1. Test of understanding: what is the full-extension gain from Ser151 to Ala32, defined as 0.36 nm times their sequence separation minus their Cα-Cα distance?
2. Ordered by residue, what ³J(HN,Hα) values in Hz, to whole numbers, does segment 104-112 give under the Karplus form 6.51 cos²θ - 1.76 cosθ + 1.60, where θ = phi - 60° and Gly and Pro are x?
3. Which shape class, rounded, prolate or oblate, goes with segment 54-190 when its Cα gyration tensor gives a ≥ b ≥ c as root eigenvalues, a/c under 1.5 marks rounded, and past that a/b bigger than b/c marks prolate?
4. With a 1.4 Å probe and all protein chains in place, put Leu82, Leu180 in order of accessible area, largest first.
5. Take the Cβ-Cβ distance between Met235 and Asn183 as r, set R0 to 30 Å, and report the resulting FRET efficiency rounded to the nearest 0.05.
6. Over segment 1-113, what percent of the accessible surface lies on carbon and sulfur atoms, probe 1.4 Å?
7. Rank these by accessible area, largest first, 1.4 Å probe: Glu200, Glu54, Glu153, Glu84.
8. Amide H of Val188 versus every other amide H placed in the peptide plane: which residues, excluding those fewer than 5 positions away on the same chain, fall under 5 Å?
Amino acid sequence: MARYTLPLLFLNLSGEMVYILDQRLRAQQVPADKANKVLNDIIGIMLNQRFLEELFKPQEVYNKDALRSVFDDLAHASIMRLNEESMNKLYDLMRMVFKYQVFAATQPKDLLLVTLNHLDAIRNLVTSNALQKQVDSAYFLLVKTYGQMGSGELQRLRYHILNFFQDMRIRVSIFLRQKLQNNCGSFVISSNCNIPHGNEVPGSIRIYGSDGCILDLLNFVSGGEFTQTTDVGSMELRGTRHTLLGTNIYSTTARVENDGWDRTAVSDTEERYKYRQELNLLVKQLLGSETLSSQDVIKLDLFYDQDGTPRDQQTLNAQAISPTETEPDHHESLHKVLTEMTISTARDDQLSANINVVDLLDKFL
């Protein structure tokens, strides 16, 4: 099952990244056409059909540094570039929210419903028919790969994902305010929850005889408030998932101040560069160029200093990161797919160079 973990990690973390960027672009009142362009560019590369076909092939999970480098390049695939501190904060938030969703799942099938909630939200954000089709293609790949798996197989996938996030305890203000997280960064195990459809509310013990008949029935106080779910989450293309896990938690969350996250250092490895080179090639293929003109530049200022003064803005563009002589060659099969791609792109002639999305992530941290 470990060889089927990567697509779930990628799709769900991608969905969380889109949520954060979309919410802050709206909060800072960035014009809709420019905000849509940022999201469309990122989602277009994220859910490219041929790239996803390679992603869904059984394979080992990238190590943590390599997966981080993939999202570094995805975040910079549009007219946007984040400095290292900003990207650290963005990636930490993506991981902790998805970790909580997997942690809080009450049945193995919830893992798929969480992923479908992310895809549903991305479908509602994109503004072109071509991108709508890409989201639908991702849905069909997901259902084809995981739809026939039993509860035991899905539960093993859940364990693999939780093991991937093991010992990652970053404090998030949203969770702390809602008492979903302790001050040490661990999650709170609630005694109140919804019981999945087809399961009984805790409180009964049945004693069976050798013939399979019930000999006695004992009741006990469960110590929690449990609600039995009456509906089954749908796996249809546009069905009702009947779970809030995987939906946008930022849409109704009040502004919170930066609480000084604890975060682990990310070290560079040779394997990180391999996946960085793969994404660079993909960006080059899809955007048609490694650089943007000065008119295609957006400046973002993501954080405030301690005294509330905005930090110096970083120029954001879609320039790919040049590989060094020490980097290994990228994955041969993905390279073969990308070299066959013929994609035409059209960029806006006039795009403002002075969009400021101030305090992009401090709202949540």
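The values are calculated or read from the model by the stated rules, or taken from the named source; none is laboratory data. These numbers come from a predicted model, not from an experiment. Note that each Cβ is placed from the backbone with ideal geometry, even for glycine, and that neighbours are counted across all protein chains shown. Calculation scope for accessible area: heavy atoms of the full protein, side chains included, ligands and nucleic acids excluded. Shrake-Rupley method; radii C 1.70, N 1.55, O 1.52, S 1.80 Å.
1. Numbers: separation 119, 0.36 × 119 = 42.84 nm, distance 4.22 nm.
Working it through step by step, the gained length comes to 38.6 nm.
2. So the Karplus estimates, Gly and Pro as x, are 8, 4, 9, 8, x, 5, 4, 4, 6 Hz.
3. Numbers: a/c = 1.56, a/b = 1.10, b/c = 1.42.
Oblate shape, in that a/c is at least 1.5 and b/c is the bigger or equal ratio.
4. Details: Leu82 15, Leu180 45 Å².
Per-residue accessible area, sorted high to low, gives Leu180, Leu82.
5. Details: r = 38 Å, r/R0 = 1.27.
So the FRET efficiency works out to roughly 0.20.
6. Working: 1440 of 3100 Å².
Summing carbon and sulfur atoms, their accessible area is 46 percent of the total for segment 1-113.
7. Working: Glu200 110, Glu54 25, Glu153 65, Glu84 135 Å².
Highest to lowest solvent-accessible surface, that is Glu84, Glu200, Glu153, Glu54.
8. For Val188, whose amide H was placed from the backbone, the distant partners under 5 Å are Gln181, Asn182.
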